[in-house]
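Below: one structure, written as structure tokens.
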Amino acid sequence: MDIDEDIGDSSTPEAPATKMSRQQILTLIAMASINFSSMICYSILGPFFPNEAKKKGVSQAMIGLIFGIYALCTLVGSLILGKYIVQIGAKFMIVAGLFVSSGCTVLFGFLDQVSDGTVFIVLCFITRCINAIGFSAAVTSSFAVSGKVFPDNIATVLGFMEIFTGLGLILGPPLGGWLYQSFGYEIPFVFTGCLLFATVPLNLWILPSFDAVPSSQNSFLRLCTRIKILLICFVVFTLSSGLGFLDATLSIFAIEKLNLSAGSVGLLMIGLSLPYGAASPIFGVISDKYPSIRKWMMVVGGMATAVSFCFLGPLPVFHIRSQLWLTVLMLIVVGFSLCMSCIPTFAEMIACAHENGFEEGMSTLGLVSGLFSAVWSAGMFFGPTIGGYITQALNFEWSAGVQGALAFLAALLQVIYFTIEDIQKKSQKASRTDVSSSQGEKSPLLPKTDHLRVDIS
């Protein structure tokens, strides 16, 4: 009787639900608003702030530090807040983080009123640090919430969210450059800060609350003992390092070498953001539909990133003169390749954590999202800081080549690791086959003979 019921159940499997629930729709709206407004606030600095800071007597290396300190504070904030996301509450972290970040964005717009030199630099550091803590709270919690609400389609959802990230990155530079040229230094920050503040009541109203139980067994140290997790973290580091490097150095390179205005530099950066945002949902769907190719997406994307950074300047060893069309083309390739590498990383980190005994819940999602945000922020600190130093000591071309070398190293390490992993899996499968076949040889050749004899007797 039980066998018949099991057969009946297996013959009519339930069709997977394709319609999103109300909670999922509201979560998508909330995450989209966070990504879009946060990226606009982040990206408006690129076209005009480095040049404005130089007028204040700030060196190229110090400009890189001002960009980089934001990422460093985001790193620290992501680790701490990701660990205690259950205790603090995911919704509260998002709302409070947006409120703090919007206020600091507005305040940053009035720093041109202070005196040149040390005072300006110190206030830039303080404002950026506090802004980064708010940003880390919102972003870390948003990743965890996305994984909680969409456990089976996390790459697809993140790909969809990256559309709004791309839109923010696309609109931010030209909007910031236009507002700066039309109204001065203050207005770009006041406008985008108010836009970010508008998301506070929106998320407070539509974002659902999430109940979870803290886990004492999960920790960042245990998570980082897995080689695959560390390797993916290095991939994420190289991606964000390249983006941070371009934020801090591309505008000055374009103005000095390509003779572009601040507004034109904002349009130039669209060459990076538009392909990234357009390709994100496509790579997200592919990543969820074919999980086995995620690792090779990261490898191919890393190789393409390495090549495009080497030709972005291009490297002096190629003896190719810097030209606008080549820079635009390489930025487009960078946008596609970064997207191909980035989209599968978060889903792979979650899958690896679950495979190694981490429970499926908000606590694990908080750890993974915190680690992801922290490593991303480490790259965003390294890229502008070291990239700015190398640019000042040598030039933009060599500094871009260093970013390409990092991307190549990450891709090479992945090829080595995944090749060894595949060999080990094949070896284990072959050994299991040998064991099962040897057990079959030891079994009686005619097991039913005795049974037949008993029946005859």
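The values are calculated or read from the model by the stated rules, or taken from the named source; none is laboratory data. Note that the structure is predicted; figures quoted are calculated from it, not measured. Glycine also receives a Cβ, built like all others from the backbone with ideal geometry; neighbour counts cover every protein chain displayed. Ligands, DNA and RNA are excluded from the accessible area calculation, which covers all protein heavy atoms including side chains. Shrake-Rupley method; radii C 1.70, N 1.55, O 1.52, S 1.80 Å.
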Report, in order of residue number, the helices in the chain meeting two criteria: a C-alpha extent of 18 Å or more along the helix axis, and a mean Kyte-Doolittle hydropathy of at least 0.0; treat each whole DSSP H run as one helix.
22-43, 60-83, 90-108, 118-149, 154-183, 186-206, 227-257, 270-289, 294-310, 324-355, 362-393
Which value at 222 nm does the chain reach when only helices count, each DSSP H run of 4 or more adding -39,500 (n - 2.57), with the total divided by all residues and rounded to the nearest 500 deg cm²/dmol?
-27500 deg cm²/dmol
Would you mind finding the longest exposed-site-free stretch of the chain, with exposed GluC sites (Glu not before Pro) meaning DSSP loop and at most 14 other Cβ atoms within 10 Å?
15-358
Per residue of the stretch 51-57, what does 6.51 cos²θ - 1.76 cosθ + 1.60 with θ = phi - 60° give for ³J(HN,Hα)? Whole Hz please, x for Gly and Pro, Karplus curve as stated.
5, 5, 5, 5, 5, 7, x
Tell me, what is the per residue accessible area of the chain in Å², probe radius 1.4 Å?
46 Å²
Going from the alpha-carbon gyration tensor of the chain, what semi-axes, largest first and in whole Å, does one get by taking the root of 5 times each eigenvalue?
47, 27, 19
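Give the carbon-plus-sulfur fraction of the accessible surface of the stretch 38-163 in %, rounded to a whole number; probe 1.4 Å, heavy atoms of protein chains only. All intermediate terms of the calculation are to be shown ahead of the outcome.
On the way: 3070 of 4300 Å².
The nonpolar share, carbon plus sulfur, comes to 71 percent.
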Given a 1.4 angstrom probe, I'd like the percentage of the accessible area of the stretch 245-312 that is carbon and sulfur, rounded to a whole number.
73 percent
State which stretch of the chain is the longest one without any exposed chymotrypsin sites (Phe, Trp or Tyr not before Pro), exposure meaning a DSSP loop state and at most 15 other Cβ atoms within 10 Å.
111-457
Just how far, in whole angstrom, is the stretch 363-377 from the stretch 62-92 if you go by their alpha carbon centroids?
10 Å
For ILE187 and ALA278, what is the calculated FRET efficiency with R₀ set at 25 Å and r taken between the beta-carbons, to the nearest 0.05?
0.30
